[in-house]
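Notes follow once the structure below has been shown.
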Amino acid sequence: AGVHRQILFTTVGWFVGYYLAKRTEYMHAKVDRELFEYVRQHPEDFKTAEKKRIGELLEDFHPIR
């Protein structure tokens, strides 16, 4: 293949990849917006848990000899 074809295919590939990346970002942003709106409208389903101290999260240490 000639150099001109390689340049053409590289350019076309770059534009297609750019379009697909932008479309993917748009779709993810749309889903995020819908989910955040749902969470905002239904706070009773998403109650925040009380904060635990680090000592409550870790198990007691028992050394093995």
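Kindly establish whether Ala21 is small (Gly, Ala, Ser) and surrounded by 10 or more Cβ atoms within 10 Å (Cβ to Cβ).
Details: small (Gly, Ala, Ser): yes; surrounded by 10 or more Cβ atoms within 10 Å (Cβ to Cβ): yes.
Yes; evaluated as a whole, the condition is true for this residue.
Considering only residues that are in a loop (DSSP other than H, G, I, E, B) and open to solvent by 100 Å² or more (accessible area, probe 1.4 Å), which ones fall in region 1-15?
Residue satisfying the conditions is Ala1 alone.
Output the residues belonging to region 16-55 that are in a helix (DSSP H, G or I) and either touching a Phe, Trp or Tyr at 6+ places or on another chain (Cβ under 6 Å) or of a type in the set (Phe, Trp, Tyr) (or both).
Of everything in region 16-55, those that are in a helix (DSSP H, G or I) and either touching a Phe, Trp or Tyr at 6+ places or on another chain (Cβ under 6 Å) or of a type in the set (Phe, Trp, Tyr) (or both) turn out to be Tyr18, Tyr19, Tyr26, Phe36, Tyr38, Val39.
The values are calculated or read from the model by the stated rules, or taken from the named source; none is laboratory data. Computed from a prediction, not measured in an experiment: that's the story for all the values here. Don't worry about glycine lacking a Cβ; one is built from the backbone with ideal geometry, like all the others, and counts go over all protein chains shown. Accessible surface is based on the protein model in full, side chains and every heavy atom, while ligands, DNA and RNA are left aside. Shrake-Rupley method; radii C 1.70, N 1.55, O 1.52, S 1.80 Å.
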